[in-house]
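The values are calculated or read from the model by the stated rules, or taken from the named source; none is laboratory data. Keep in mind the model is a prediction, meaning the values are calculated, not measured. All Cβ positions, even for glycine, are placed from backbone atoms using ideal geometry, and neighbour counts span all protein chains on display.
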Amino acid sequence: MPDEQTGGFEKLPLRHAYPFLATHGLQSEGQLIRLSNNTNRLKRARIAALLKKSGLLDAFVKEFWPHGADNNGDEVERLLRTFDRWTEEGGKDENGEQDDEDPGGEFVLEEHLRDYLEANVHLLEDGMTLWPVGEGQKAVEFSVDENNHRVDILARDKSGTPAVVELKVSRGHEKTIGQSLYYRARIKEILHAPKVRIVIVASEISPELKAAASEVADVSLFEYRISMTVKKV
């Protein structure tokens, strides 16, 4: 049980967020998020973005969510990246359907898909591995600029060519190509690489994305499915 007196919440505390928004003149915005059909993760992401936009994020973290400042605010940054990805894909209406939860064989969160492929990137292609990064860097969520744009996974194929792996937990749209091309350009510059591949993984590749990808060189598209087995013990 979290300690409400010390703000011992690992996740952004929704129970405190909505009253905090109302107190600071953002009650209607908070209610739209609260009544939406978004998952709690996306609600937290939308609230974090709203607090940042309103200049209230630091005050909220200090008063109700000190854990959010741990590790230089890693969890806050993750929420803001979740919000950015949601808006890049067009989001949904304020009371629209969930965009990151589906009972039909998808990962619930993009982080889950990312973590799985981090440990099993070879499933994308025989011989594919994580890119060997320098000290203090990670091949997962590899930063490409000062604006905190990050490649989901930076990989290397068996020939040594770097690959930008972009993940969409639900449907991959044509806008993903534009994002991936920017990442490819930055990776070429950072690694001084003459060639960088693009790999896009989603539960569903839209026809628009297939058409857009067909016009770009060195792009591979993958659809994932998850399954479960049980074993008596």
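If you go through region 27-78, how many residues are part of a helix (DSSP H, G or I), of a type in the set (S, T, N, Q) and under 21 Å from the mean Cα position of the chain (by Cα)?
3
Select from region 94-138 the residues that are surrounded by 14 or more Cβ atoms within 10 Å (Cβ to Cβ) and aliphatic (A, V, I, L, M) and write down the one among them that is modelled with the lowest pLDDT.
Looking at the filtered set, the residue picked out is VAL108.
Just need a number here: residues in region 181-219 that are under 21 Å from the mean Cα position of the chain (by Cα) and free of Cβ contacts under 8 Å to residues at least 24 places away in the same chain.
Result for region 181-219: 2.
For region 160-181: of the residues being closer than 22 Å to MET128 by Cα and of a type in the set (Ser, Thr, Tyr), which is modelled with the highest pLDDT?
THR161
If a residue must be within 20 Å of LEU113 (Cβ to Cβ), assigned to a helix (DSSP H, G or I) and of a type in the set (Gly, Ala, Ser), how many such residues does region 172-229 contain?
Residues meeting the conditions: 2.
Restricting the search to region 166-175, which residues are more than 14 Å from the chain's Cα centre (by Cα) and either surrounded by fewer than 18 Cβ atoms within 10 Å (Cβ to Cβ) or among the β-branched types (Val, Ile, Thr) (or both)?
Selection gives GLU174, LYS175.
Which residue is modelled with the lowest pLDDT, if the candidates are limited to region 45-93 and must be aromatic (Phe, Trp, Tyr) and farther than 19 Å from PHE20 by Cα?
TRP86
Suppose we filter region 147-157 for residues that are modelled with pLDDT of 95 or more and among the basic types (Lys, Arg); how many remain?
Residues in region 147-157 being modelled with pLDDT of 95 or more and among the basic types (Lys, Arg): 1 in total.
Starting from residues that are under 17 Å from the mean Cα position of the chain (by Cα) and acidic (Asp, Glu), keep the ones in region 136-165 and report whichever is nearest to SER180 (Cα to Cα).
ASP152
Anything in region 199-229 that is among the aromatic types (Phe, Trp, Tyr) and loosely packed, with under 12 Cβ neighbours inside 10 Å? List them, or say none.
Within region 199-229, no residue meets the criteria.
Exactly one of (1) farther than 19 Å from ASP84 by Cβ; (2) touching a residue at least 40 places away in the same chain (Cβ under 8 Å); (3) touching a helix residue (DSSP H, G or I) at 6+ places or on another chain (Cβ under 9 Å); (4) aliphatic (A, V, I, L, M) is unmet by ILE177. Its number?
Failing condition for ILE177: (1).
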